[in-house]
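Asks: Have a look at this one before I ask anything.
The values are calculated or read from the model by the stated rules, or taken from the named source; none is laboratory data. These numbers come from a predicted model, not from an experiment. Reconstructed Cβ throughout: ideal geometry from the backbone, glycine too, with neighbour counts over all protein chains shown.
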């Protein structure tokens, strides 16, 4: 009798578990994952995202709050993949995989292209932004109950990205761009002191709608002072910087930005090796900070005449310019 009772209890438990499993399988996924694809010529752009529904809720301004970065869907971050270099919303986007975010506002929307991938939709890192740009906002023809992303061709190599939910339609045009400019092109600037050349070689990153100081360029951390390859300073004459002599030669420039200033580092580390090594410091010197009359974009290094046998070395980006005097010895 005892064994019969155990068997009956086990059978009942199995039936309950099967019933619960069946109920779970019948329960709809609240924000199902979906993907949209668009082929342009021989290329493909796709967006993978989750699709939350209204379910009687007020969406814009409440569930999706104003003036806060939104994952642009639900659950895992929304991912965009392009097999071709393109211009999206007026900014260059090299081929690759990105996450797609938005900044909704009553005054308009911004679309954010971020280089971090694979993360949950609450793990947004502004420092990884590739670009931010303003998007066009309209009203859809009818109420959109379930968040929807669409990719619509407008030409052989162009299209429009559409984000739709409730009474909002956000649009961003894109087109294939085989001649996309480098994201951070190489540049150089030079000046002559005592008949000898001084030259700075560097990359020029663009703002592209991003917050620069304290975000893209973190405070209190060593920065390569440009982008990509090391930034180089070559001088054919001994220089006095602050109270320290910098012998003629080639150096790597680094800097440490702060909330209210910037420290320039002139390093003996060989060019082409951007990794910073404090043991190679030739000099650290504070640079004077000023606010330009108009935004500096892209990042720029330049020289300006100063007193006899001296020049000002200037670094500028966005809303800041830094300066230090270089004097020929």
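Asks: Can you find a residue in the stretch 300-310 that is part of a strand (DSSP E or B), under 25 Å from the mean Cα position of the chain (by Cα) and either surrounded by 13 or more Cβ atoms within 10 Å (Cβ to Cβ) or at pLDDT 95 or above (or both)?
Replies: Yes.
Asks: Then there's this: Can you name the number of the only condition in (1) in contact (Cβ under 8 Å) with a residue 40 or more places away in the chain; (2) within 25 Å of residue 82 (Cβ to Cβ) that residue 218 fails?
Replies: Among (1) in contact (Cβ under 8 Å) with a residue 40 or more places away in the chain; (2) within 25 Å of residue 82 (Cβ to Cβ), residue 218 violates only (2).
Asks: Continuing with the same structure: Could you check the stretch 271-299 and list, in sequence order, the residues that are under 22 Å from residue 258 (Cβ atoms) and assigned to a helix (DSSP H, G or I)?
Replies: 278, 280
Asks: If you don't mind, there's one more thing I want to ask. Does the stretch 277-299 hold any residues that are without any contact (Cβ under 8 Å) to a residue 60 or more places away in the chain, surrounded by 14 or more Cβ atoms within 10 Å (Cβ to Cβ) and under 23 Å from the mean Cα position of the chain (by Cα), and which are they?
Replies: 296
Asks: Looking at (1) under 19 Å from residue 201 (Cβ atoms); (2) exposed (fewer than 15 other Cβ atoms within 10 Å of the Cβ), which one does residue 271 not meet, given that it meets all the others?
Replies: Looking at each condition in turn, residue 271 falls short on (2).
Asks: Give the number of residues within the stretch 105-117 that are surrounded by fewer than 18 Cβ atoms within 10 Å (Cβ to Cβ) and free of Cβ contacts under 8 Å to residues at least 40 places away in the same chain.
Replies: 5
Asks: Output yes when any residue across the stretch 147-166 is assigned by TED's automatic domain parsing to the domain that holds residue 53, out of contact with any strand residue (DSSP E or B) (no Cβ under 9 Å at 6 or more places or on another chain) and surrounded by fewer than 13 Cβ atoms within 10 Å (Cβ to Cβ), and no when none is.
Replies: no
Asks: Right, here's the next one. Checking the conditions here, which among 87, 72, 154, 102 is outside any strand (DSSP E or B) and touching a residue at least 12 places away in the same chain (Cβ under 8 Å)?
Replies: The conditions single out 72.
Asks: Another question about this same structure. If you go through the stretch 188-215, how many residues are without any contact (Cβ under 8 Å) to a residue 24 or more places away in the chain and touching a strand residue (DSSP E or B) at 6+ places or on another chain (Cβ under 7 Å)?
Replies: Total satisfying the criteria: 1.
Asks: If the requirement is being in a strand (DSSP E or B) and either modelled with pLDDT of 95 or more or surrounded by fewer than 10 Cβ atoms within 10 Å (Cβ to Cβ) (or both), which of these qualifies: 34, 67?
Replies: Just one listed residue meets the conditions, 34.
Asks: Only one of (1) on the phi < 0 side of the Ramachandran plot; (2) at pLDDT below 95 fails for residue 194. Which number is that?
Replies: Result: residue 194 passes all but (1).
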